[in-house]
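Trainee: Quick one: the structure is below, and I'll ask about it shortly.
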Amino acid sequence: MAGVSAAYDRGGEHIGWKVSIRKKGFPPQFKTFRTKADALAWAAVVESEMVRGVWRDRSESERVTLKECLDRYATDVLTNRKNGGRRGLSFLLQWQGLPIWLCVSNADYEVSLP
C-alpha cells in the first residue's frame, strides 16, 4: 500500500508530496512530487506493476546524470568506431560545452535569447 504525505521545507513551507510504497518481496520505493495527483498516479502505476510481476527497480538508472551517460557512450561506443570515433567525440564535446537550455527542443519550451 502506498503512503502519500505532504512534504515541507525547513521553514514549514509546503513543497510537494512524498510517496512511500512498501510491499512484501520488493524493496521500498520513495519519490517526491510537486502535485498530489502526480504522486497518486505514480503510486498506482508502481503498485500495479508489482502486482502484475513486471516491476523493475529503476532507482539506479534514475540517479544517472546526462553527463555520466555521455561519458559512458564516449568510452564504450565511440572508441569502437572507425577512426576511434573522433568525429563523434568532437561533436559530443561541443555539445557538452553548451548550456543545457540550448540543447532542449523548443517544442515544449519557449526560449528567448538576449
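The values are calculated or read from the model by the stated rules, or taken from the named source; none is laboratory data. Just so you know, these numbers come straight off a predicted model, no measurement behind them. Virtual Cβ from ideal backbone geometry, glycine too; neighbours counted across all protein chains shown. Ligands, DNA and RNA are stripped out before the accessible areas are found, and what is left, the full protein with its side chains, is counted by its heavy atoms. Shrake-Rupley method; radii C 1.70, N 1.55, O 1.52, S 1.80 Å.
Trainee: Could you grab the pairs with beta carbons closer than 7 Å, sequence gap of 6+ or different chains, first residue in region 85-114 and within 16 Å of TYR73 (Cβ to Cβ), second one polar (S, T, N, Q) and at pLDDT 55 or above?
Mentor: Sorted first by the residue in region 85-114, then by its partner, the pairs are GLY85/THR79.
Trainee: Something else: Pairs needed: first member in region 26-51, without any contact (Cβ under 8 Å) to a residue 12 or more places away in the chain; second member anywhere, outside any helix (DSSP H, G or I) and open to solvent by 60 Å² or more (accessible area, probe 1.4 Å); C-beta distance under 6 Å; at least 6 residues apart or different chains.
Mentor: Here the result reads PRO28/ARG22, each pair linking region 26-51 to a residue that is outside any helix (DSSP H, G or I) and open to solvent by 60 Å² or more (accessible area, probe 1.4 Å).
Trainee: Shifting gears a bit: With the requirement that a residue be closer than 20 Å to PRO99 by Cβ and without any contact (Cβ under 8 Å) to a residue 12 or more places away in the chain, what does region 67-84 give you?
Mentor: Residues satisfying the conditions are GLU68, CYS69, ASP71.
Trainee: Residues that are surrounded by fewer than 10 Cβ atoms within 10 Å (Cβ to Cβ), at pLDDT below 95 and touching a strand residue (DSSP E or B) at 6+ places or on another chain (Cβ under 8 Å): find the strands (runs of 3 or more DSSP E) completely inside region 1-68 holding 2 or more of those.
Mentor: Here the list is empty.
Trainee: Test each condition in (1) modelled with pLDDT of 90 or more; (2) farther than 30 Å from ASP9 by Cβ for ALA74 and report the one that comes out false.
Mentor: (1)
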